[in-house]
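The values are calculated or read from the model by the stated rules, or taken from the named source; none is laboratory data. Small disclaimer: the values here were computed from a predicted structure and weren't measured. A quick note on method: Cβ atoms are made from the backbone with ideal geometry, for glycine too, and the neighbour counts reach across all protein chains shown. Quick note on the areas: whole protein, heavy atoms, side chains included, nothing else; ligands and nucleic acids left out. Shrake-Rupley method; radii C 1.70, N 1.55, O 1.52, S 1.80 Å.
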Amino acid sequence: MSRKPIFAANWKMNKGPSETEDFVKSFLSKVQLQNLNCDVVIAPPFVSLAKLTEALHNHHGIQIAAQNCSQFDSGAYTGEVSVLMLREFFTHYVILGHSERRAIFGETDAVINAKIKKAREANLKPIFCIGETLAEREAGNLETVLRTQVNAGLEGVSEKDLGDIVIAYEPVWAIGTGVTATSEQAQEAHAFVRSLIADLYGPDAAAKIRIQYGGSVKPNNAAELMACPDIDGALIGGAALDPQSFLDIIRNGTAAE
Ligand code: PGA
């Protein structure tokens, strides 16, 4: 089964509209996107979505993601952004369940599940993040944590909708810390997550779903990680803020796939 790798830049709360425009100009001047055999996605803050859409005009090689969405349709939800609003910005993907949303903003598995379903109603493709903390790993709870997050996050999600979901395995202890999971640790977790999908949806769905690795991915470790059989791309934070570094990760990573 060959799965097309997907490299997504998660800018988090960085880059307003003017920095977004600068990034896109620089990135596009360096790369012939048609020559990259992978999906390239950028997730800017909400306020930069319009500028990203405008700056990418006619460059269909890059897809746009939001970093979050509301589980509600519309109404009295101060500070929230709905999936239909995101569609107006030509958004394709939405990152859901990121560990920062879970830990800092208290998002539970049930909320993440509601958001995944809401995103699919609007035909947005969730990048569904899961991962364990260091304490959970050290206590021997890696598999239990991943099983709970996958089962609860995908509760009631159809096999058809699963086909438009990307999973991002991001060990919390590797996010923004400079500590990357070794390729053995990452491959082991990815294979386990794929087996969880097989339990829920069967072997064909498991073979098709793309599972990205995230957590301190850099140009110099992308090749080793992407060479692992169950790793299908990366979700990149800090190292995707610089156009050259994001591009080097994509180039090194796709060369290894
Ligand atoms: P990092 O972030 O690459 O800065 O570790 C990854 C993420 O949080 O998605």
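Relative contact order, whole percent, for the range 142-257 stands at 27, derived from Cα pairs under 8 Å and 6 or more residues apart. Using a probe of 1.4 angstrom and keeping all protein chains present, the accessible surface of the range 6-256 works out to 43 square angstrom per residue. Mean separation of Cα pairs under 8 Å and 6 or more residues apart, divided by the residue count, gives the range 6-256 a relative contact order of 19 percent.
Restricting the calculation to alpha carbons of the range 148-205 gives Rg and Dmax of 13.0, 36 angstrom. Note on the chain: with charges restricted to the Cβ of Lys and Arg (+1) and Asp and Glu (-1), its dipole about the Cα centre is near 480 debye. Estimated purely from DSSP H runs of n ≥ 4, each contributing -39500 (n - 2.57), the mean residue ellipticity at 222 nm for the chain is -12500 deg cm²/dmol once divided by its residues.
Close amide-amide hydrogen proximity is noted between ALA234 and ILE6, PHE7, ALA8, TYR213, each under 5 Å apart and 5 or more residues distant or on a separate chain (H modeled in the peptide plane; Pro and chain starts excluded). Cα-Cα pairs above 22 Å in the range 1-137: how many percent? Value for the range 1-137: 41 percent of Cα pairs lie more than 22 Å apart.
Could you compute the net charge surrounding ALA114? Neighbours are other residues with a C-beta less than 15 Å from the C-beta of ALA114; K and R count +1, D and E count -1.
Numbers: positive: ARG101, ARG102, LYS115, LYS117, LYS118, ARG120; negative: ASP73, GLU80, GLU107, ASP109, GLU121, GLU155, ASP161.
Result for the local shell: -1.
Scattering from the chain was approximated by placing one identical point on each alpha carbon and applying the Debye formula without solvent; log10 I(q)/I(0) at 0.10, 0.12, 0.13 1/Å stands at -0.44, -0.65, -0.77. Annotation: amide H of TYR93 within the under-5 Å range of ILE64, ALA65, ALA66, LYS125, sequence separation 5 or more or interchain, hydrogens built in the peptide plane. Here the accessible area is traced with a 1.4 Å probe on the protein chains. For the chain, carbon and sulfur cover 52 percent of it. Between the residues SER26, ALA135, ASN113, the greatest Cα displacement towards the positive end of the dipole of the chain, with unit charges on the Cβ of Lys, Arg, Asp and Glu, is found for SER26.
Taking every protein chain into account, the 1.4 Å probe leaves TYR201 with about 40 Å² of accessible area, to the nearest ten.
Structure note, pairs LYS4/LYS118; LYS30/LYS115; LYS30/LYS118; LYS12/LYS115; LYS115/LYS208: Cα-Cα distances above 29 angstrom occur for LYS30/LYS115; LYS30/LYS118.
Would you list the P(r) distribution for the range 117-257, with all Cα-Cα distances sorted into 5 Å bins from 0 and each bin expressed as a whole %? Final binned percentages: 2, 10, 20, 23, 20, 15, 9, 2, 0. Of the residues SER195, ALA181, ALA66, the one whose Cα sits farthest towards the positive end of the charge dipole of the chain is ALA66 (charges of +1 on Lys and Arg Cβ, -1 on Asp and Glu Cβ, taken about the Cα centre).
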